[in-house]
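As structure tokens, the structure follows; a few thoughts come after it.
The values are calculated or read from the model by the stated rules, or taken from the named source; none is laboratory data. From a predicted model like this one, the values you see are computed outputs, not experimental measurements. No Cβ is skipped: glycine too gets one built from the backbone with ideal geometry, and neighbour counts run over all protein chains shown. What goes into the accessible areas is simple: the full protein's heavy atoms, side chains included, and nothing from ligands, DNA or RNA. Shrake-Rupley method; radii C 1.70, N 1.55, O 1.52, S 1.80 Å.
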Amino acid sequence: MDARDDAPKIQARRPSRLVALLLVQFAVSAMLVTCGGPACTGNTREYNGQCLGGVAITYIECTKGRGFDLTTKLGGKLGGTFKVVADASVEAAYEEQKQENTVVALQVVSDCLKIAQTEADSAVDKSAAEESRNRADMIRRQVQETASIEIAPTQARVGETLSVSGRNFYPDETVAIYLHATLVKQGKADGRGAFSTTIGVPKSAPPPGFPTTVTATGATSSKSAQAPFEALP
């Protein structure tokens, strides 16, 4: 028998080698897919590389559909319980508001948290949605409302102390307080955008008979509020 008789047998074996190679490639690909995602347990499932519950996924899809994509805004904070996601989303919307000077993101978060609260199966998730939504609404109101301050007394001598209180500034922002043109104190608003502090009347205050103002200005919001003041002899 010559070499030509063996040729068909060699060719016949080639397809089986190709099939084997394809099977190996398929197995490797399957292993890579399996290893690439997290091993989710309980009522969670994989979403964007994180294990999340159904209500969290519904909420994220809601905000994404309305133009505020939490998958990019939250980054590493996307995972965790629904409360973690909800709280982080409010802070992300607040940061966007400060950068863009618009309450659209806060409104989107509030609307989608309302939907999440309705669709949540557990009391814990319902409570988390309500709590985060209340904070988003509070921040939105503070952003839109005019800041104001009150001082007492409205007349004092140089070296004496005044109490100053303000509201409707941005939550947690630094507030600078001036008497006339002199910076007398810097403080921080609380989580509701309010503050209360005391200041001393500086020697640079205008003399008696020349009314002036105490002014508070938010470092982030640029909101400013004034109250009348006059030095006493």
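With a ≥ b ≥ c taken as the square roots of the eigenvalues of the C-alpha gyration tensor of segment 69-124, please select rounded if a/c is under 1.5 and otherwise prolate if a/b is larger than b/c or oblate if it is not? Since a/c reaches 1.5 but b/c is at least a/b, the shape of segment 69-124 is classed as oblate.
For the cross-link pairs 64/114; 114/223; 73/126, the ones whose C-alpha atoms lie over 27 Å apart are 114/223.
Distance between the 7 Å Cα→Cβ label points at residue 154 and residue 122: 5.5 nm. FRET efficiency for the residue 141 to residue 83 pair, using the beta carbon distance and R₀ = 25 Å, is estimated at 0.65.
A Förster radius of 22 Å, combined with the Cβ-Cβ distance separating residue 213 from residue 188, puts the computed FRET efficiency at roughly 0.55. Packing, taken as the mean count of other beta carbons within 10 Å per residue, orders the peptides 193-201, 105-113, 171-179 from highest to lowest as 105-113, 171-179, 193-201. Within segment 91-233, the ratio Rg/Rh, alpha carbon atoms throughout and Rh by Kirkwood, equals 1.15.
When each of the peptides 208-219, 53-64 is scored by how many other beta carbons lie within 10 Å of its residues on average, the order from highest to lowest is 53-64, 208-219.
With Cα atoms as the point set, segment 113-166 shows a radius of gyration and Dmax of 20.3, 62 Å. Placing a label point 7 Å from the Cα of residue 222 along the Cα-to-Cβ direction, the residues of segment 80-104 whose backbone N falls under 13 Å of that point are 98-102.
Between amide H atoms placed 1.01 Å from N, distances below 5 Å from residue 188 occur with 175, all of them 5 or more places distant or on a separate chain. The string of couplings for segment 224-232 from the Karplus curve (6.51, -1.76, 1.60, θ = phi - 60°) is 9, 9, 10, 9, x, 8, 9, 6, 9 Hz, one whole number per residue in order, with x for Gly and Pro. Solvent-accessible area per residue in segment 37-184 equals 50 Å², computed with a 1.4 angstrom probe and all protein chains kept.
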